[in-house]
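To keep things clear, I will list the structure first and then write my remarks on it.
The values are calculated or read from the model by the stated rules, or taken from the named source; none is laboratory data. Quantities reported herein were computed from a predicted structural model and do not represent experimental measurements. Heads up, the Cβs are rebuilt from the backbone with ideal geometry, glycines too, and the neighbour counts pull from every protein chain shown.
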Amino acid sequence: MPDPTTGDRFHPTDPGFLQDPYPTHARLRREVPIAWYAPWDAWLVTRHSDVDALLRDRRLGRVSTDRPKAVDPAHAPFAVIQAGSLLEIEPPDHTRVKQAVHDVFTPRHVRALQGRIEALVERLLDDLEHRPEREADLLRDFAEPIPVTVIADLLGVPEADRGALLPWSKAIIGMFEPERSADAEAAAVAAAGEFAAYVRHLMAAKRAAPGEDLISRMVVMHDADGARLTEGEVVANAILFLNAGHEAVVNVSGNGLLALLRHPEQLARVRADPALLRPAIEEMMRYDTPLQFFERFVLEDLTYAGHAWPAGTKLALHFAAANRDPEVFAEPDRFDVARDPNPHLAFGLGLHYCIGAPLARLELGVALGGLLRRLPDLRLTGAAPRYHPKNVFRYLTELRVAY
Ligand code: HEM
């Protein structure tokens, strides 16, 4: 039997698809749930049961030894920020590096940050409340500063340097888009080089005067035992934490607040019952998933659901499509702030499950709680919000509101 392909169902650069990919996902899930898409040299996997099973399967990994990346010398600075990053290594290195940092991200450690996050959210809301025009871009003026400040504090990035974090991160994530331009690649490489140089400079400062922050801790650990954490791993993971620590949180806020504001009856339910804050945040992540898919490689020859995949085969595991699978979610296209259970895959699953999930949930809960309490007349304004034309990272250009 020939391999099932996406056929005429999938056009990842189509502007309509990029604004609303969900009808296409539904068709793929229904008609060709595991389908070959030649331009990406990958299988698209869209059903929840398959994405869930394959994320847990240790015969797949994020890095393939059978498909060594041919590093273009012009991309060398990018390879530096990947080599040793948790997202780019497998056991035993993954286990060792994760052990070195994981306690900073445990729910108990993260809960200790609650007071500081609350104070930050109140400050941002004071600022919004005092604007005479009572209008804002909720992304720039509220959603972005929260996780950027929190992760920069955790890592020990001085306030004066934080302005560069967002542009670096935005340029770097461009490299993970399958439909990227040569300009986007060049911008990602340049940002990677500057960011790595900055982190090295910061490491030297921490070495001279260590603090309580995570970069200081990693530097101390590396200096005590370079086999436990190499210098390259400190650099790559500092950059991973700084990027991952805000990127998806901002995008959940934007995509999720848009969903809430477009469903006033759901917004009213959360306002009336603070116990719905938690399930509402899970629903925001499910309904308009910020990281739509990530790749995996087959590590050893494997047959799955009738497909014979040699080592090196690439899969795109589609979290967003899985999160609207009617086999798992009743009326999946309905935004329901009380949805329970909600086994969405927005944080991934298995070995690479998001280390920042407790922190993200805390930030999102404090932010949404504060916003609903302090701005009772929050509403969309201006032109209909637009998404950036990306396949992996789904996020709005702005979110204009009045209140
Ligand atoms: C709502 C916000 C967030 C979402 C939706 C999200 C999503 C994800 C997903 C889907 C993965 C797995 C990637 C894969 O399996 O290929 C992941 C991994 C990761 N995330 Fe998050 N993330 C969020 C917030 C955060 C935060 C706040 C941090 C803080 C540092 C963070 C750090 C990481 C790291 C380090 C990994 C790699 C873990 C590993 O490979 O072991 N994320 N995230």
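Looking at (1) within 30 Å of Val97 (Cα to Cα); (2) away from the ligand (no atom under 11 Å from the Cβ); (3) buried (at least 19 other Cβ atoms within 10 Å of the Cβ), which one does Arg339 not meet, given that it meets all the others?
Every condition holds for Arg339 apart from (1).
So for segment 350-372 (the condition being under 30 Å from Asp137 (Cα atoms), assigned to a strand (DSSP E or B) and touching a residue at least 40 places away in the same chain (Cβ under 8 Å)), does at least one residue qualify?
Looking through segment 350-372, none of the residues is under 30 Å from Asp137 (Cα atoms), assigned to a strand (DSSP E or B) and touching a residue at least 40 places away in the same chain (Cβ under 8 Å).
Suppose the filter is modelled with pLDDT of 95 or more, within 16 Å of the ligand (Cβ to nearest atom), among the β-branched types (Val, Ile, Thr) and under 30 Å from Gly365 (Cα atoms); does Val104 pass it?
No.
Quick test for you: out of Glu363, Glu331, Glu398, pick the one residue that is among the acidic types (Asp, Glu) and within 16 Å of the ligand (Cβ to nearest atom).
That would be Glu363, the only listed residue that is among the acidic types (Asp, Glu) and within 16 Å of the ligand (Cβ to nearest atom).
With respect to the numbered conditions (1) in contact (Cβ under 8 Å) with a residue 60 or more places away in the chain; (2) more than 30 Å from Thr95 (Cβ to Cβ); (3) surrounded by 18 or more Cβ atoms within 10 Å (Cβ to Cβ); (4) not aliphatic (A, V, I, L, M), which one is the sole condition not fulfilled by Pro15?
(3) is the only condition that Pro15 fails.
Within segment 97-144, which residues are among the charged types (D, E, K, R) and closer than 30 Å to Gly232 by Cα?
Once the filter is applied, which keeps residues that are among the charged types (D, E, K, R) and closer than 30 Å to Gly232 by Cα, segment 97-144 yields Lys98, Asp103, Arg108, Arg111, Glu144.
Is one or more of the residues making up segment 164-177 under 30 Å from Arg334 (Cα atoms), more than 13 Å from the ligand (Cβ to nearest atom) and either touching a residue at least 60 places away in the same chain (Cβ under 8 Å) or within 19 Å of the chain's Cα centre (by Cα) (or both)?
For segment 164-177, residues under 30 Å from Arg334 (Cα atoms), more than 13 Å from the ligand (Cβ to nearest atom) and either touching a residue at least 60 places away in the same chain (Cβ under 8 Å) or within 19 Å of the chain's Cα centre (by Cα) (or both): present.
Condition first: crowded, with 24+ Cβ neighbours inside 10 Å and over 24 Å from Phe293 (Cβ atoms). Now tell me which residues in segment 220-259 satisfy that.
Those that are crowded, with 24+ Cβ neighbours inside 10 Å and over 24 Å from Phe293 (Cβ atoms): Leu229, Glu233, Val234, Val235, Ala238.
If you scan segment 367-389, which residues turn out to be more than 13 Å from the ligand (Cβ to nearest atom) and buried (at least 19 other Cβ atoms within 10 Å of the Cβ)?
The answer is Gly370, Leu371, Leu375, Leu378, Pro385, Tyr387.
Which one of these is in contact with a strand residue (DSSP E or B) (Cβ under 7 Å, 6 or more places away or on another chain) and surrounded by fewer than 17 Cβ atoms within 10 Å (Cβ to Cβ): Arg134, Arg162?
Arg134
Among the residues of segment 63-70, is any buried (at least 16 other Cβ atoms within 10 Å of the Cβ), touching a residue at least 60 places away in the same chain (Cβ under 8 Å) and either among the acidic types (Asp, Glu) or in contact with a helix residue (DSSP H, G or I) (Cβ under 8 Å, 6 or more places away or on another chain) (or both)?
Taking every residue of segment 63-70 in turn, at least one turns out to be buried (at least 16 other Cβ atoms within 10 Å of the Cβ), touching a residue at least 60 places away in the same chain (Cβ under 8 Å) and either among the acidic types (Asp, Glu) or in contact with a helix residue (DSSP H, G or I) (Cβ under 8 Å, 6 or more places away or on another chain) (or both).
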